[in-house]
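Colleague: Below you will find the structure I want to go over with you.
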Amino acid sequence: MVKFLLLALAFGLAHAQAKIAGKWMTVAIAADNVDKVELEGALRFYVRDITCDKECTKMGVTFYVNANGQCSKTKVTGYKQADGTYKTQFEGDNTFELKYLTPKHAVFYSTNVDRAGRVTNLIFVLGKGEPLNEDEYGKLVKYSEKQNIPPENIRDVLATDTCPK
């Protein structure tokens, strides 16, 4: 029975990852090192598109960063690891994982280790262009607390997104 449940869980996650492909926009970001996600912060991403290969062993993320008032388009490819997380390089070493997926939102948990060795834990909430409602924001607060990220470090990214759609 346990093997069946593990197989069902694995299939469910693979199916969810396949459904992640498409157009997305960053709605909110939370980080324990909040300076990384403030306006023009190195990890304040304005996501636009996610792609997956057939097995979702490679996940492509296209996004903008805004530095000095200029939006720069970037694409990174995350490579799936044995534990189900993805690894990539951007502003250091990154590990990320899709934690929740609904038709309206995708929630990723990520860890960044920058070149100086500073570790930042992040939550990225992606959506289809609408801000979080009160209930959704409440769920984000609870999830950020569970990840030891202070709720006051949640940033509304959608409201400041001036990069090309």
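The values are calculated or read from the model by the stated rules, or taken from the named source; none is laboratory data. Quick caveat, the model's predicted, so the values are computed rather than measured. Here the Cβ is made from the backbone with ideal geometry for all residues, glycine too, and neighbour counts use every protein chain on show. For accessibility, only protein heavy atoms count, side chains too; no ligands or nucleic acids. Shrake-Rupley method; radii C 1.70, N 1.55, O 1.52, S 1.80 Å.
Colleague: Just for the range 47-84: of the residues that are part of a loop (DSSP other than H, G, I, E, B) and more than 18 Å from residue 99 (Cα to Cα), which one is modelled with the highest pLDDT?
Modeller: Among them, the one singled out is 53.
Colleague: The conditions are (1) open to solvent by 30 Å² or more (accessible area, probe 1.4 Å); (2) in a strand (DSSP E or B); (3) touching a Lys or Arg at 6+ places or on another chain (Cβ under 7 Å), and residue 42 fails exactly one of them. Which is it?
Modeller: Among (1) open to solvent by 30 Å² or more (accessible area, probe 1.4 Å); (2) in a strand (DSSP E or B); (3) touching a Lys or Arg at 6+ places or on another chain (Cβ under 7 Å), the lone unmet condition for residue 42 is (2).
Colleague: Go through the residues of the range 74-87 one by one and say whether even a single one is among the polar types (S, T, N, Q) and within 13 Å of residue 44 (Cα to Cα).
Modeller: yes
Colleague: Can you say whether residue 70 is free of Cβ contacts under 8 Å to residues at least 12 places away in the same chain and under 20 Å from residue 36 (Cβ atoms), as far as the supplied structure shows?
Modeller: Against the criterion (free of Cβ contacts under 8 Å to residues at least 12 places away in the same chain and under 20 Å from residue 36 (Cβ atoms)), residue 70 qualifies.
Colleague: Filter the range 79-132 down to residues that are within 16 Å of residue 25 (Cβ to Cβ) and over 13 Å from the mean Cα position of the chain (by Cα) and give me whichever is surrounded by the fewest Cβ atoms within 10 Å (Cβ to Cβ).
Modeller: Restricting to residues being within 16 Å of residue 25 (Cβ to Cβ) and over 13 Å from the mean Cα position of the chain (by Cα), the top hit is 103.
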